[in-house]
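The values are calculated or read from the model by the stated rules, or taken from the named source; none is laboratory data. As the structure is a prediction and not an experimental result, all values here were calculated from the model. Cβ: placed from backbone, ideal geometry, glycine included. Neighbour counts: every protein chain shown. With ligands, DNA and RNA removed, areas are computed over all heavy atoms of the protein, side chains included. Shrake-Rupley method; radii C 1.70, N 1.55, O 1.52, S 1.80 Å.
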Amino acid sequence: MEGVDTAEALEWLYRVLAALAALLGALLTLNQLTRSAILRRREEWLRSALSAEGNPNRQQLLRELLDRTTAYLVAGILFPRRYYFIAIAWLVAAPAQAVMWTHNDREGWSLLWSALLAMLCISMPIRQVIRVLSERERFLHDYLQAAGEIRKPRTDILAAMEGGTRKEFLLAYLAGASVAVAAVGLSLFLSGSSSLGFWMVVIGIGGAIVLVAMIRGYVRSRATISGPYPPDHEGL
């Protein structure tokens, strides 16, 4: 790292991460508006095609597509993107703080405490996002099946903090740990411990990718389970 002002590089990294957080928030808002517009146009076209179609088999397919499109439109109203902003902010702020902290103090205990603090700061917002996504999946299933009462989603702060299963907490803490390990590894890499830092970044990013897939699978598995306080709470 000769010829590189590490402190200045870290300061620029912090600024870039802050700008990235703001950009991601703007992109989420734009995505919701664009997606809603696309879904509305699709729904209008499907209604028109359904009313003009005379074949019963094609009508059935068009009706299924229309129901699914309407379900996603309703879900977009009930689950706005603002539910995810806090998690995005912490996913940027906590790793950036871990990088700055470990750069100033690279002792073993300092590395451990900075990683632990970052993990704790990130895990709870991730846990709340998992709960919201699980409720969204459950709502979509209820709406499409329409076999009984379509229960409104529980997204209040108590449900987001306490509802669900222990597996959600486990997935959230593991995801937070993966991000924290990657952040500390990045700090070590920038500070000259290239080999150790590189492998920590690889392990952290690899773990985060695996856990994102696991979270997606878990959320899909919650579609048929009444949340946020399911009967199988003790079994998971």
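If you go through segment 37-54 one residue at a time, do you hit one that is modelled with pLDDT of 75 or more, on the phi < 0 side of the Ramachandran plot, surrounded by fewer than 12 Cβ atoms within 10 Å (Cβ to Cβ) and assigned to a loop (DSSP other than H, G, I, E, B)? The answer is yes, given that some residue of segment 37-54 is modelled with pLDDT of 75 or more, on the phi < 0 side of the Ramachandran plot, surrounded by fewer than 12 Cβ atoms within 10 Å (Cβ to Cβ) and assigned to a loop (DSSP other than H, G, I, E, B). Close Cβ contacts (under 6 Å, 6 or more residues apart or on different chains) running from residues in segment 174-203 that are under 18 Å from L116 (Cα atoms) to residues that are open to solvent by 40 Å² or more (accessible area, probe 1.4 Å) and of a type in the set (F, W, Y) comprise G197/F189.
Considering only segment 119-136, I want to know if a residue exists there that is of a type in the set (A, V, I, L, M, F, W, C), at pLDDT 85 or above, closer than 30 Å to A37 by Cβ and open to solvent by 50 Å² or more (accessible area, probe 1.4 Å). Yes: one or more hits. Close contacts from segment 46-72, counting a first residue that is under 20 Å from R35 (Cα atoms) and in contact (Cβ under 8 Å) with a residue 24 or more places away in the chain and a second that is in a helix (DSSP H, G or I) and open to solvent by 90 Å² or more (accessible area, probe 1.4 Å), with Cβ to Cβ under 7 Å and a gap of 6+ residues or different chains, come to T69/R42.
Say whether the condition of being at pLDDT below 85 and buried (at least 23 other Cβ atoms within 10 Å of the Cβ) is met by at least one residue in segment 160-181.
So far as segment 160-181 goes, yes, one or more of its residues are at pLDDT below 85 and buried (at least 23 other Cβ atoms within 10 Å of the Cβ).
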